[in-house]
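**Q** Below is the structure I would like to discuss, written out as structure tokens.
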Amino acid sequence: MNRKKMKSTAEPAGGAPAKAAPGAGRAPAKAASGGTRQALGEGIELGGLAQLVGYHLRLAQVAIFRDFNAALGDYEITPGLYGALEVIAANPGLKQTQLARAVQLDRSSVVSVIDKLERRALVSRRVATGDRRSNALELTAGGVALLKRLRPLVRAHEERLAAGLSASERATLMALLARVFPGER
């Protein structure tokens with residue numbers, strides 16, 4: 001028997017190890033700030049993950065994306081597509097390379113995003129003024145109309161994700177997040 005792996009198992013009279021029930025023989029989970037919190041209450045120890053900021057950011061991202069997709073799923077808009085629509089709307093004539101930088105995508109990924117939006121007639125590409133090698137992006141009438149329908153849904157999504165925060169805490173959270181790898185944004 002591997003005692004390290006099966007710490008909370010017992011050996012019955014027959015000599016074969018019995019599997020412990022989830023959470024059996026464990027101390028209560030420590031707070032997020034210190035320790036061995038169990039994942040999703042399933043008796044799975046997180047080990048060092050419980051202390052990693054990146055892990056907690058990832059959990060938040062997964063929850064945020066789930067809620068976003070539940071709210072906007074009927075429109076088949078992902079957070080990335082929505083972000084691209086917003087940036088293009090705010091910057092008519094924006095070049096593809098500028099969009100890539102603004103939404104933190106590499107060149108091939110931004111082309112894929114634009115292709116998806118263009119196929120849905122939400123965005124149009126035209127040769128950029130003064131630079132025939134670049135494409136300028138604009139929302140189509142359909143893109144403008146869709147964005148108008150999506151914005152209230154995104155605002156409601158934002159309210160749900162920040163429901164447990166005061167206005168001050170929300171501002172603090174955003175300020176703290178801005179300090180995470182600021183040179184990589």
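The values are calculated or read from the model by the stated rules, or taken from the named source; none is laboratory data. In this text the structure is predicted, and so the values were computed from the model without any measurement. No Cβ is skipped: glycine too gets one built from the backbone with ideal geometry, and neighbour counts run over all protein chains shown. SASA here: full protein model, heavy atoms, side chains in, ligands and nucleic acids out. Shrake-Rupley method; radii C 1.70, N 1.55, O 1.52, S 1.80 Å.
**Q** Under the rule of at least 5 residues apart or a separate chain, name every residue whose amide H is placed under 5 Å from the amide H of residue 138.
**A** Amide H to amide H, under 5 Å and 5 or more residues apart or across chains, residue 138 pairs with 93, 124.
**Q** Need one value: the accessible area of residue 82 in square angstrom, 1.4 angstrom probe, rounded to the nearest 10.
**A** Per-residue accessible area (residue 82): approximately 30 Å².
**Q** Taking all pairs of different Cα atoms in the range 89-142, averaging 1/r and flipping that mean, what Kirkwood radius in angstroms comes out?
**A** So the Kirkwood estimate lands at 11.1 Å.
**Q** Could you go through the range 145-151 in sequence order and give the Karplus-derived ³J(HN,Hα) for each residue, using 6.51 cos²θ - 1.76 cosθ + 1.60 with θ = phi - 60°, rounded to whole Hz, and x for Gly and Pro?
**A** In residue order, the calculated couplings are 5, 5, 4, 4, 6, 6, 4 Hz.
**Q** Can you list the HN-Hα couplings for the range 111-125, worked out from phi with the Karplus curve (6.51, -1.76, 1.60; θ = phi - 60°), rounded to whole Hz and with x for Gly and Pro?
**A** The phi angles translate into 5, 4, 4, 5, 4, 4, 5, 5, 4, 8, 6, 9, 9, 10, 10 Hz.
**Q** Show me the ranking of peptides 115-124, 174-183 by mean Cβ neighbours inside 10 Å, starting with the highest.
**A** Packing proxy ranking, top to bottom: 115-124, 174-183.
**Q** Then there's this: Of the heavy-atom accessible surface of the range 35-121 (probe 1.4 angstrom), what whole percent is carbon and sulfur? Working shown, then result.
**A** Working: 2870 of 5140 Å².
Taking all protein chains in place, the range 35-121 shows 56 percent carbon and sulfur surface.
**Q** Report the semi-axes of the equivalent ellipsoid for the range 81-185 in whole Å, largest first, where each axis is √(5λ) for an eigenvalue λ of the Cα gyration tensor. Write out the running numbers ahead of the final one.
**A** Details: eigenvalues 168, 70, 21 Å².
Over the Cα atoms of the range 81-185, the ellipsoid semi-axes are 29, 19, 10 Å.
**Q** Go through 95-108, 60-73 and give me the packing order, highest mean Cβ count within 10 Å leading. Walk me through the numbers before you get to the answer.
**A** Numbers: 95-108: 15.1, 60-73: 13.5.
My ranking of the peptides, most packed first, is 95-108, 60-73.
**Q** Could you work out the local net charge near residue 142, counting Lys and Arg as +1, Asp and Glu as -1, over the other residues with Cβ closer than 13 Å to its Cβ? Present the calculation step by step, with values, prior to reporting the outcome.
**A** On the way: positive: 119, 120, 148, 149; negative: 118, 138.
So the surrounding residues net to +2.
**Q** Something else now. Would you mind working out the accessible area per residue for the range 80-185, using a 1.4 Å probe, and quoting it in Å²? Intermediate results must be reported in sequence, preceding the final value.
**A** On the way: 6800 Å² over 106 residues.
Heavy-atom accessible area per residue stands at 64 Å².
**Q** With Rg and the Kirkwood Rh both taken from Cα atoms, where does Rg over Rh land for the range 132-185? Mind dumping the intermediate values first?
**A** Values: Rg = 16.9 Å, Rh = 14.4 Å.
A ratio of 1.17.
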